Amino acid sequence: VQIIPQSICTPPTEKPKKIPPPTPPKPRRPTCNPNACRATGRGLQPKGIRVKEVADFKVFTKGAGSGELKVLIKGPKGGEEPVKVREVGDGVFECDYYPVVPGKYTVTITWGGYAIPRSPFEVLVSEDAGAQKVRAWGPGLETGVVGKSADFVVEAIGTEVGTLGFSIEGPSQAKIECDDKGDGSCDVRYWPTEPGDYAVHVICDDEDIKDSPFMAHILPAANDIFPEKVKAFGPGLEPTGCIVNKPAEFTIDARGAGKAELRIYAQDAEGLPIDIQITDNGDNTFLCVYVPTKPIKHTIIITWGEVNIPNSPFRVNIGEGSHPENVKVYGPGVEKTGLKANEPT
């Protein structure tokens, strides 16, 4: 084997280059995820809002990453409507608008330039409510608990009779019951089976009443609260016996019902609130006092942990009472001069 030597030219030695330190990675911006947003409120309901009412709603953006919230509302003529948007913390924004013309409004909500679920919302705004035949009030129009009834009262205003109806829209179907009390009022109960926001429509003669739909926030079931164990008793809750301008007392005994908030809703037959003073005795019993000022029916609803207690609502018919200081006695039979025998007085 023949080996032929080769001349190999090696390049001059290069000075070692300085290697720059690695560039730290840029912090990743949170991904914008509009599908994690949700919006709820009366101002987004398809029907029920009337002109010259504040139409409000909330947008929840927690967990939706970084983005900018934009709310665009177009009125019946296609023009842009003013809307107020307030950030209240924890990714929650409160919004409201004030429609003055009836017709269809479109509410478009975007997060980071992308529409959130169910946007755009179409809202049909009706004419002014006008004179009302009924009113509705009570805890079930504001809140409630899964698996328990959410209760409220509907009362007639005046003597005109209307046809009542109810519908409930929310995360679950809810059975509805109505108990006519025979005194121009009825007790209404519904049973939500999922937590979340429910729109409770109270309808009279095929139209939503004023303030309907009512938005009720239903809480998850609580296993350590027992509203059915709460007792309420005393003259201030009896159907008769209370009189005007005299303190009416009653006691609430929640011993054994768990730790929860006591709330009392109370109105008279004219729809005016009743001021009830509550004294906490420190042992889950409470002394309650109110002073009725009119001889009309008073209705009192008591809840424990946002759930109506047994026998509530209580309807109390306030009497006028007697006022001996207003009685005047006069005539010959009581004059100082006295009477003569055998003469009529």
Considering (1) over 19 Å from the mean Cα position of the chain (by Cα); (2) more than 23 Å from GLU306 (Cβ to Cβ), say which one ASP90 fails and leave the rest.
-> (2)
Check on GLU306, open to solvent by 10 Å² or more (accessible area, probe 1.4 Å), of a type outside the set (Gly, Ala, Ser) and farther than 12 Å from ILE264 by Cα | no
Hey, ARG255 within 27 Å of GLU142 (Cα to Cα) and part of a strand (DSSP E or B) or not | no
Among the residues of the stretch 314-325, is there at least one that is within 30 Å of ALA221 (Cα to Cα), of a type outside the set (A, V, I, L, M, F, W, C), in contact with a strand residue (DSSP E or B) (Cβ under 8 Å, 6 or more places away or on another chain) and surrounded by 10 or more Cβ atoms within 10 Å (Cβ to Cβ)?
-> yes
Starting from the stretch 223-237, take each residue that is under 18 Å from THR299 (Cβ atoms) and free of Cβ contacts under 8 Å to residues at least 40 places away in the same chain and list its partners that are open to solvent by less than 100 Å² (accessible area, probe 1.4 Å) and part of a loop (DSSP other than H, G, I, E, B), counting only C-beta distances under 7 angstrom and pairs at least six apart or across chains.
-> PRO235/GLY241; PRO235/CYS242
Those residues that are modelled with pLDDT of 95 or more, open to solvent by 40 Å² or more (accessible area, probe 1.4 Å) and not in a helix (DSSP H, G or I), I need them from the stretch 222-239; list them, please.
-> PHE226, LYS231, PHE233, GLU238, PRO239
Per the list (1) touching a residue at least 24 places away in the same chain (Cβ under 8 Å); (2) outside any strand (DSSP E or B); (3) open to solvent by 80 Å² or more (accessible area, probe 1.4 Å), residue check on PRO295 breaks on (3)
Filter the stretch 161-195 down to the residues that are more than 16 Å from ALA136 (Cα to Cα), in contact with a Ser or Thr (Cβ under 7 Å, 6 or more places away or on another chain) and modelled with pLDDT of 95 or more, then identify the one that is surrounded by the most Cβ atoms within 10 Å (Cβ to Cβ).
-> PRO192
What are the pairs, 6+ residues apart or on separate chains, where a residue within the stretch 200-219 that is without any contact (Cβ under 8 Å) to a residue 40 or more places away in the chain has its Cβ under 8 Å from a residue that is buried (at least 21 other Cβ atoms within 10 Å of the Cβ) and hydrophobic (A, V, I, L, M, F, W, C)?
-> ILE203/ILE209
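The values are calculated or read from the model by the stated rules, or taken from the named source; none is laboratory data. The structure displayed is predicted, hence computed values, not measured ones. No Cβ is skipped: glycine too gets one built from the backbone with ideal geometry, and neighbour counts run over all protein chains shown. Ligands, DNA and RNA are stripped out before the accessible areas are found, and what is left, the full protein with its side chains, is counted by its heavy atoms. Shrake-Rupley method; radii C 1.70, N 1.55, O 1.52, S 1.80 Å.
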